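Worksheet: the structure to be examined is printed underneath.
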């Protein structure tokens with residue numbers, strides 16, 4: 001099934017598109033004289049290396065509350081019969097597809113030209129095949145994906161929900177490095193008004209701030225007053241999934257009532273329903289190459305903007321640049337999250353000016369893997385997602401305190417919020433990770449919060 005988390009392609013339809021795209025890539029390479037013999041593209045070796053990448057200081061104290069497992073990535077190196085090696089990357093515990101042992105065996109001995117459009121292979125393996133083919137044919141990856149329409153493509157700086165001070169600090173750092181867009185989460189356990197006030201105070205009016213609510217505004221009636229207040233800041237540009245995406249009427253009401261763009265993940269509701277009802281202004285598009293190009297074609301036909309959401313470190317961001325070069329409606333800044341990490345998996349950083357990065361024209365991805373960083377951070381691949389115990393404290397100015405404990409599931413705080421277990425977007429809310437000091441008090445609070453939480457204390 002080539003669908004991704006919010007897929008729209010059936011397995012049969014996806015494979016048909018992959019086959020068509022593969023034939024198109026072959027034809028383009030042959031026409032350019034880049035391919036001497038397809039046997040040169042036979043996959044002869046696949047190596048996988050797991051790395052644990054540390055977050056920068058500000059992301060670290062915030063990511064550690066909820067998604068510390070984003071540190072773990074797998075680097076995939078694919079070598080072809082002609083001697084060329086291409087590289088890819090999978091964020092192991094947050095991705096649209098993790099390469100399996102079966103997928104690796106399926107690719108061995110096959111033509112990379114034949115296999116590279118198969119989304120079922122997973123993120124890092126598919127990426128490495130594209131990189132290898134591009135290097136072997138001496139063309140950039142975007143030449144394999146389609147006709148280049150953009151020489152530069154917009155990128156956004158991303159961080160999970162943070163304190164207002166941390167959000168302002170991240171926006172300031174993003175601006176310093178040439179970014180003109182910052183994406184974050186809107187959550188009831190932080191004061192979203194204070195966050196946006198503080199962030200807007202340190203960036204110019206043409207800097208963009210986007211908030212992903214992941215349904216936490218619950219419905220249009222309760223959510224609209226919050227969105228309209230945030231929209232008073234000229235920097236606020238996109239609200240992502242403010243309420244459940246299945247609520248077409250509610251999303252249409254929100255879209256009509258605010259000047260701020262509303263974004264939804266592509267595929268839910270169906271893209272045709274979105275166009276017919278105008279329940280959002282554009283899309284979030286992720287997944288494999290076939291899915292991305294197919295969604296890009298639909299958005300071109302319907303003139304719907306979108307951002308590319310391919311999450312990982314530097315390699316993933318480099319891959320995303322190529323899709324930004326060929327997908328006409330990839331007009332909103334891409335979310336790649338590579339800014340989270342202390343060390344770069346690329347030998348040279350992706351540089352931005354005025355919010356845009358150049359689409360590479362060098363062969364393959366156009367960037368080289370920093371092997372020193374890979375070797376330094378190499379670890380054994382975890383058998384399951386690492387899940388350290390975390391105790392999170394939320395406070396309000398009147399003295400109320402709530403404790404939430406990690407419970408072994410992803411997005412445990414988000415699920416609690418969507419079940420109405422936190423006060424609804426009250427001013428003055430603040431949240432922090434409570435350090436595990438080994439005390440009996442910490443252990444008792446963690447146990448109570450995990451069994452009954454969130455709990456008031």
The exposure ranking of 107, 293, fewest beta-carbon neighbours within 10 Å first, is 293, 107
What's the exposure ranking of 298, 41, going from fewest to most Cβ atoms within 10 Å?
298, 41
In degrees, nearest 10, the alpha-carbon axis of helix 164-176 is tilted away from the dominant principal axis of the alpha carbons of the chain by 30
I need two numbers for region 345-457: Rg to one decimal and Dmax as a whole number, Cα atoms only, in Å.
21.2, 59
Cα centroid separation, region 211-270 to region 94-164 (Å)
31
The Cα extents of region 152-362 along the principal axes, largest first and rounded to whole Å, are 49, 40, 25
Convex hull over the Cα atoms of region 391-456, averaged projected area in nm²?
4.6
Starting from 0 in steps of 5 Å, tell me what percent of the Cα-Cα pairs of region 379-425 lands in each bin.
5, 16, 24, 20, 14, 9, 6, 4, 2, 0
Once the Cα gyration tensor of region 248-311 is found, what semi-axes does its equivalent ellipsoid get, as square roots of 5 times the eigenvalues, in whole Å, sorted largest first?
21, 12, 10
Rounded to the nearest 10, the angle in degrees between the Cα long axis of helix 220-230 and the longest principal axis of the Cα atoms of the chain comes to 90
Suppose we take every Cα in the chain and form the convex hull; what volume per residue is that in Å³?
138
So how do 279, 82 line up by other beta-carbon neighbours within 10 Å, fewest first?
82, 279
For region 282-367, what does the equivalent ellipsoid look like in terms of its semi-axes, each the square root of 5 times an eigenvalue of the Cα gyration tensor, given largest first in whole Å?
22, 13, 12
Over region 148-274, volume per residue of the alpha carbon convex hull, in Å³
117
On Cα atoms only, tilt of 314-326 relative to the major axis of the chain in degrees:
70
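Throughout, read-outs are computed from the coordinates displayed, never taken from laboratory work. Source: prediction; values computed, not measured. Reconstructed Cβ throughout: ideal geometry from the backbone, glycine too, with neighbour counts over all protein chains shown.
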